[in-house]
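The values are calculated or read from the model by the stated rules, or taken from the named source; none is laboratory data. None of the values given here were measured: they were computed from a predicted structure. Backbone-built Cβ (ideal geometry, glycine too); neighbour counts: all protein chains shown. We work out accessible area using only protein heavy atoms, side chains counted, and drop any ligands, DNA or RNA first. Shrake-Rupley method; radii C 1.70, N 1.55, O 1.52, S 1.80 Å.
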Amino acid sequence: MFGSQPLRVPVGHDAHRWSTFHGERTLVVAARTVTSTVRVLETLPALLRGDGRVTVVFAHDPTSAFDAGVLELLRDTGCRVMPWEQLGDVSPDLILSASENIGVPEGDCPVLVLPHGVGFQKFVPDSRSARDRLSGVVPDSLLETGRAWLAVSHPAQEEQLLTAHPKAAGRTLLVGDPCFDELVGSRSRREAYRRALGVEDHQRLVMVSSTWGPTSLLGSHPDLLPRLLARLPCDEYRVGAILHPNVWSAHGAWQVRTLQAAALDAGLLLMPPVHAWRPALVAADVLVGDHGSVTLYGASAGTPVLLAAFGEDAVPGTAVHDMAAVTPRLDPRGPLPQQIEKVTREHTPERYAAVAEQAFAEPGQALARLRTALYRLLRLPEPSSAPPPTLLLPAADPPASPVNSWHVTTDVTLDGGEPAVTVHRFPSAVSAYAAARPDSAASFTHLACTDDERDHRLFESASVVVRRQPATTSVGALRWIGDTLDRLPGSLLTASAVRGGGWLVGLRDGRVVEATATGPVMEPGLPSAVVYACLLAGHPLDGARVALRVGEARDEDVVLRLRPAAPAGWSR
């Protein structure tokens, strides 16, 4: 399939001898980078749905610095692929790509170039020289042939292109942006996307988006992800990341995950580089971004945005520059929760309306306009079927690992004579970025771990150990509590949920507290934090009703009752 022999099926001089489907036209997709290949894969199926007149084959161009991952993507998608050097033997009727930097062979077939971002908004290194160039523009040599057509999403991009490259006159097609149409059209499924990512109703989802290169968000602030996770309580917030595919391609998934190991251990939702970023962006409550297209997509779709970086490689006069002019900045070293809450509170849908109007023309019509252009270039009548609809995005698989240990802060107050405990939990994996907080007579900090924590240093020094899975019976929970306290002499208490409802919390002195709560089912780390705080504050543990407060949006009642005696055979 990838060797030196000519590709016979479905194209080639004797393809008719081997093919099951006999197309009238041959469309070759030039696959050069993951970013550009994904854009075609997300668009082309809807345009050619059910039309056997068009034979499609993918040609792999290995000349990009971001070539890594392209062949794997094509294989996983089931594409028929041929080496780039055989493209000249195929005689295609149309070459389609979302990469402008392709060296197409001589011939007269048209070349349609789709944008793989939003317009021409970034200067990037030129692979053919030591200079920079305007991203998204094909070489002048291809423009001079009259074969190239550049799809744009707004007339302003055509004006910008003509100013920078006069030879592009008459070579643009206004089609809109299929990706933006999908994002806007899928907002009705926002709650489904949040559920798929494991985001609870009371949590804010903060997505962080970084383009590639030294001026990107990650290039400027490589520790922002663990810093956010260390400062935003994990019961109130989830943090996710959308990294440009060029980051993955240039450095490899192993390097990316190694560099972000602490953030991943702290529950980071690191979105895979293909497809999954779109539903995650729709699900976001706040987007922290830079001058990449994802930030512009999010802002234009109505998401509150904070800019953490904005590079000089962004092109002045473009929609992304106009977005930056009205977008508040994030101070990575400042109080992060307050900045997140402030941008959420002050956001209005009208903030980015003018930016969206400058970036995306004819919203909702992109696929229909693109299909018309595609068939015109193929010299085929457009199918009589209705124009392709903008489909709702599929939900993404949750890309996060469970958090196994937390630094837990508890504040005990009295509310109408009864104790109230406010709990904030922060993953211990990012404790190096946490703010210092001394204990007091009513404020306490402790380390809590699950029983499957792999770091034995954390596990053996934890004040509280909680069982990850509920016990089948109370007897099983009590046995686990006793065994765990015997095995871990440094632990002050252990806790287990019991299937069917409620929790059992065992103390070092042999007492066992039964805890029940109102509201949705919670993991045992929260009721165990209530017991820990009441124990240290000197509040009674028998017959007590305690208000559990997790952030501002959640307030549950937890009832504590001491069991009559420790289980038989439980020795200290």
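Based on what the data block shows, is Y375 of a type in the set (F, W, Y) and free of Cβ contacts under 8 Å to residues at least 40 places away in the same chain? In short, yes.
Taking the range 33-64 as the range and being under 21 Å from P381 (Cβ atoms) and either of a type outside the set (D, E, K, R) or outside any loop (DSSP other than H, G, I, E, B) (or both) as the test, the residues that pass are T43, L44, P45, A46, L47, L48, G50, G52, V54, T55, V56.
Any residue at all in the range 229-246 that is farther than 23 Å from R39 by Cβ, open to solvent by less than 30 Å² (accessible area, probe 1.4 Å) and among the polar types (S, T, N, Q)? No - not one qualifying residue is present in the range 229-246. Y352 satisfies every condition listed in (1) touching a residue at least 40 places away in the same chain (Cβ under 8 Å); (2) in contact with a strand residue (DSSP E or B) (Cβ under 7 Å, 6 or more places away or on another chain) except (2). Close contacts from the range 272-284, counting a first residue that is open to solvent by 30 Å² or more (accessible area, probe 1.4 Å) and a second that is of a type in the set (V, I, T) and in a helix (DSSP H, G or I), with Cβ to Cβ under 6 Å and a gap of 6+ residues or different chains, come to V274/V38. Restricting attention to the range 253-271, the residues that are open to solvent by less than 30 Å² (accessible area, probe 1.4 Å) and hydrophobic (A, V, I, L, M, F, W, C) add up to 8.
Considering the range 395-435, and only residues there that are in a loop (DSSP other than H, G, I, E, B) and either in contact with an Asp or Glu (Cβ under 8 Å, 6 or more places away or on another chain) or not small (G, A, S) (or both), the residue that is most open to solvent (accessible area, probe 1.4 Å) turns out to be D397. Being of a type in the set (D, E, K, R) and open to solvent by 70 Å² or more (accessible area, probe 1.4 Å) is a property that does not hold for R508. In summary, strands (runs of 3 or more DSSP E) completely within the range 436-553 and bearing 3 or more residues that are in contact (Cβ under 8 Å) with a residue 12 or more places away in the chain, over 39 Å from the mean Cα position of the chain (by Cα) and more than 22 Å from P233 (Cβ to Cβ) occur at 512-517. The number of residues in the range 85-122 being within 21 Å of W149 (Cα to Cα) and either of a type in the set (S, T, N, Q) or modelled with pLDDT under 85 (or both) comes to 20.
State which residue is farthest from V531 (Cα to Cα) when the search covers only the range 542-562 and only residues that are open to solvent by 50 Å² or more (accessible area, probe 1.4 Å) and of a type in the set (G, A, S). The qualifying residue farthest from V531 (Cα to Cα) is A553. For the range 210-225, how many residues meet the condition of being in a helix (DSSP H, G or I) and open to solvent by less than 10 Å² (accessible area, probe 1.4 Å)? Number of matching residues: 3.
Regarding the range 247-259, can at least one residue be identified that is without any contact (Cβ under 8 Å) to a residue 40 or more places away in the chain, among the basic types (K, R) and within 30 Å of V408 (Cβ to Cβ)? So far as the range 247-259 goes, yes, one or more of its residues are without any contact (Cβ under 8 Å) to a residue 40 or more places away in the chain, among the basic types (K, R) and within 30 Å of V408 (Cβ to Cβ).
Scanning the range 371-421 for residues that are acidic (D, E) and under 23 Å from the mean Cα position of the chain (by Cα) returns a single hit, D397.
Might you check whether a residue that is touching a helix residue (DSSP H, G or I) at 6+ places or on another chain (Cβ under 6 Å), under 30 Å from S141 (Cβ atoms) and surrounded by 23 or more Cβ atoms within 10 Å (Cβ to Cβ) occurs anywhere in the range 196-209? No, because not a single residue in the range 196-209 is touching a helix residue (DSSP H, G or I) at 6+ places or on another chain (Cβ under 6 Å), under 30 Å from S141 (Cβ atoms) and surrounded by 23 or more Cβ atoms within 10 Å (Cβ to Cβ).
Within the range 453-470, the set of residues being acidic (D, E) and open to solvent by 70 Å² or more (accessible area, probe 1.4 Å) comprises just one member, E460. In this structure, does G289 turn out to be in contact with a helix residue (DSSP H, G or I) (Cβ under 7 Å, 6 or more places away or on another chain) and within 20 Å of F180 (Cα to Cα)? Criteria met by G289. Summed over the range 54-99, residues that are under 18 Å from F21 (Cβ atoms), free of Cβ contacts under 8 Å to residues at least 60 places away in the same chain and in contact with a strand residue (DSSP E or B) (Cβ under 8 Å, 6 or more places away or on another chain) total 5. Determine whether G569 is at pLDDT below 85, out of contact with any Pro (no Cβ under 7 Å at 6 or more places or on another chain) and surrounded by fewer than 18 Cβ atoms within 10 Å (Cβ to Cβ). Here the answer is yes, as G569 does meet what is asked. Residues in the range 70-98 that are touching a Pro at 6+ places or on another chain (Cβ under 6 Å) and hydrophobic (A, V, I, L, M, F, W, C): L87, L94.
Counting the residues of the range 236-269 that are among the aliphatic types (A, V, I, L, M) and in a helix (DSSP H, G or I) gives 9.
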